[in-house]
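Asks: Starting off with a structure, shown below.
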């Protein structure tokens, strides 16, 4: 990482001497007044992403899970273990993201980008609410606490959560340039890699016409997460453009390699070869395929040569993430799009 950049500083809340001019605006280490004048923006990609994120309004409880409660009773023990373990992991991920996003936002000095992070923080809360709704609706009461506490009681899950959370905590303890680069990559890893083997499991169940309500909840979450990935792709690339390769390929490869190893170990631990339609070979192929895609998207060389094909492409097609609607379930055409942002004034007029 380039250490010649000025050491990162938290932006002040009140800064009457700040300079909000477009020519001097920067994503980090700018001098902002914190005035949200969204009629003048430097990063024009923020305008369209703002509209998409704001339009992705949905309410977890609007999805009917009554059939899922019955379906759950008919899952085999391997499927129940996977269902509960993945929910536990996803609950932890969105919980920690809700707390971490404001820490990153404190150092973002472009108001249009800070606005996007505020929407993301709100969406992470909705995701946590969604997982709680699934747990409370489907999982028997005597098993719920075990699911919530799995992140502390299962050694494999604890180790992988500790890795990402430790990087977040390091940045809180010391907001150095090095720790900021690491927390940005860690956040990108969480958003772009950690969710997806779990999502595929729920989509896989849906192909068997079971747990369709849960799959619909996941599809709404998946749709949000894709915008979070897009946001951090653009932020990371722009930071590098403005700060001479501030986040290096070496760092990205190092962190993604650790994350991929943990992702494969965890997925094989909870799924293995026990779930029809998924196996250990596919898990490795999919994880390394995702890693390559995510790394290339932020401007670096892929980490795993030869992993260019998605073994779960048929499942991902069911996620229906066109950004326009989410159908009531995979096998019906009724549209249940909860978007309430059909008309947005301001940025779309720029």
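The values are calculated or read from the model by the stated rules, or taken from the named source; none is laboratory data. Model, not experiment: these values are computed from the prediction. In this analysis, Cβ positions are derived from the backbone assuming ideal geometry, glycine residues included, and neighbour counts consider all displayed protein chains.
Asks: Surrounded by fewer than 19 Cβ atoms within 10 Å (Cβ to Cβ) and under 24 Å from the mean Cα position of the chain (by Cα): does that describe residue 31?
Replies: Criteria not met by residue 31.
Asks: OK, next. It is to be established whether one or more residues within the stretch 289-307 are more than 24 Å from residue 187 (Cβ to Cβ) and either buried (at least 17 other Cβ atoms within 10 Å of the Cβ) or at pLDDT 55 or above (or both).
Replies: Checked against the condition, which is being more than 24 Å from residue 187 (Cβ to Cβ) and either buried (at least 17 other Cβ atoms within 10 Å of the Cβ) or at pLDDT 55 or above (or both), the stretch 289-307 yields at least one hit.
Asks: Could you please tell me which pairs satisfy a Cβ distance under 6 Å, a separation of 6+ or placement on different chains, a first residue in the stretch 30-44 that is at negative phi and assigned to a loop (DSSP other than H, G, I, E, B), and a second residue that is modelled with pLDDT of 90 or more and surrounded by fewer than 19 Cβ atoms within 10 Å (Cβ to Cβ)?
Replies: 31/18; 31/19; 32/18; 33/15; 33/18; 42/22
Asks: Now for a separate question. For residues that are part of a loop (DSSP other than H, G, I, E, B) and within 14 Å of residue 202 (Cβ to Cβ), scanning just the stretch 55-84, find the one that is farthest from the chain's Cα centre (by Cα). Full working, then the answer.
Replies: Of the residues in the stretch 55-84, the ones part of a loop (DSSP other than H, G, I, E, B) are 56-59, 63-65, 75-76.
When the remaining residues are screened for being within 14 Å of residue 202 (Cβ to Cβ), the result is 63, 65, 75.
On the way: 63: 21, 65: 24, 75: 28 Å.
The selected residue is 75.
Asks: In the stretch 134-144, is there at least one residue being farther than 25 Å from residue 64 by Cβ, out of contact with any helix residue (DSSP H, G or I) (no Cβ under 9 Å at 6 or more places or on another chain) and loosely packed, with under 15 Cβ neighbours inside 10 Å?
Replies: no
Asks: Would you be able to say whether some residue in the stretch 89-97 is more than 22 Å from residue 226 (Cβ to Cβ), in contact (Cβ under 8 Å) with a residue 60 or more places away in the chain, surrounded by 15 or more Cβ atoms within 10 Å (Cβ to Cβ) and touching a helix residue (DSSP H, G or I) at 6+ places or on another chain (Cβ under 6 Å)?
Replies: No, every residue in the stretch 89-97 fails to be more than 22 Å from residue 226 (Cβ to Cβ), in contact (Cβ under 8 Å) with a residue 60 or more places away in the chain, surrounded by 15 or more Cβ atoms within 10 Å (Cβ to Cβ) and touching a helix residue (DSSP H, G or I) at 6+ places or on another chain (Cβ under 6 Å).
Asks: Still on this structure, please answer the following. Does residue 205 count as closer than 26 Å to residue 48 by Cβ, assigned to a helix (DSSP H, G or I) and at pLDDT 95 or above?
Replies: Values: closer than 26 Å to residue 48 by Cβ: no; assigned to a helix (DSSP H, G or I): yes; at pLDDT 95 or above: yes.
When the stated conditions are applied, residue 205 does not pass them.
Asks: Among the residues of the stretch 275-284, which ones are surrounded by 22 or more Cβ atoms within 10 Å (Cβ to Cβ) and part of a loop (DSSP other than H, G, I, E, B)?
Replies: 278
Asks: Looking at the stretch 103-119, which of the residues that are within 15 Å of the chain's Cα centre (by Cα) and surrounded by fewer than 23 Cβ atoms within 10 Å (Cβ to Cβ) is farthest from residue 18 (Cα to Cα)? Talk me through it step by step, then tell me what you get.
Replies: Quick first cut of the stretch 103-119, residues within 15 Å of the chain's Cα centre (by Cα) only: 104, 116-119.
Still in the list and also surrounded by fewer than 23 Cβ atoms within 10 Å (Cβ to Cβ): 104, 117-119.
Details: 104: 20, 117: 21, 118: 21, 119: 24 Å.
Once the filter is applied, the top-ranked residue is 119.
Listed here are the residues, each with its yes/no results for (1) assigned to a helix (DSSP H, G or I); (2) touching a helix residue (DSSP H, G or I) at 6+ places or on another chain (Cβ under 9 Å); (3) touching a residue at least 12 places away in the same chain (Cβ under 8 Å); (4) under 28 Å from residue 81 (Cα atoms).
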position: 231; (1), (2), (3), (4): yes, yes, yes, no
position: 234; (1), (2), (3), (4): yes, yes, yes, no
position: 253; (1), (2), (3), (4): yes, yes, yes, no
position: 257; (1), (2), (3), (4): yes, yes, yes, yes
position: 265; (1), (2), (3), (4): yes, yes, yes, yes
position: 268; (1), (2), (3), (4): yes, yes, yes, yes
position: 273; (1), (2), (3), (4): no, yes, no, yes
position: 286; (1), (2), (3), (4): yes, yes, yes, yes
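Asks: Any residue that is within 17 Å of residue 107 (Cβ to Cβ), in a loop (DSSP other than H, G, I, E, B) and in contact with a strand residue (DSSP E or B) (Cβ under 8 Å, 6 or more places away or on another chain) - is there at least one of those in the stretch 6-20?
Replies: Yes, the stretch 6-20 contains at least one residue that is within 17 Å of residue 107 (Cβ to Cβ), in a loop (DSSP other than H, G, I, E, B) and in contact with a strand residue (DSSP E or B) (Cβ under 8 Å, 6 or more places away or on another chain).
Asks: Looking at 179, 197, which one is more than 27 Å from residue 54 (Cβ to Cβ), assigned to a helix (DSSP H, G or I), in contact with a helix residue (DSSP H, G or I) (Cβ under 6 Å, 6 or more places away or on another chain) and in contact (Cβ under 8 Å) with a residue 40 or more places away in the chain?
Replies: Answer to the selection: 197.
Asks: Of all residues in the stretch 102-120, how many are farther than 16 Å from residue 29 by Cα and in contact (Cβ under 8 Å) with a residue 24 or more places away in the chain?
Replies: The total comes to 5.
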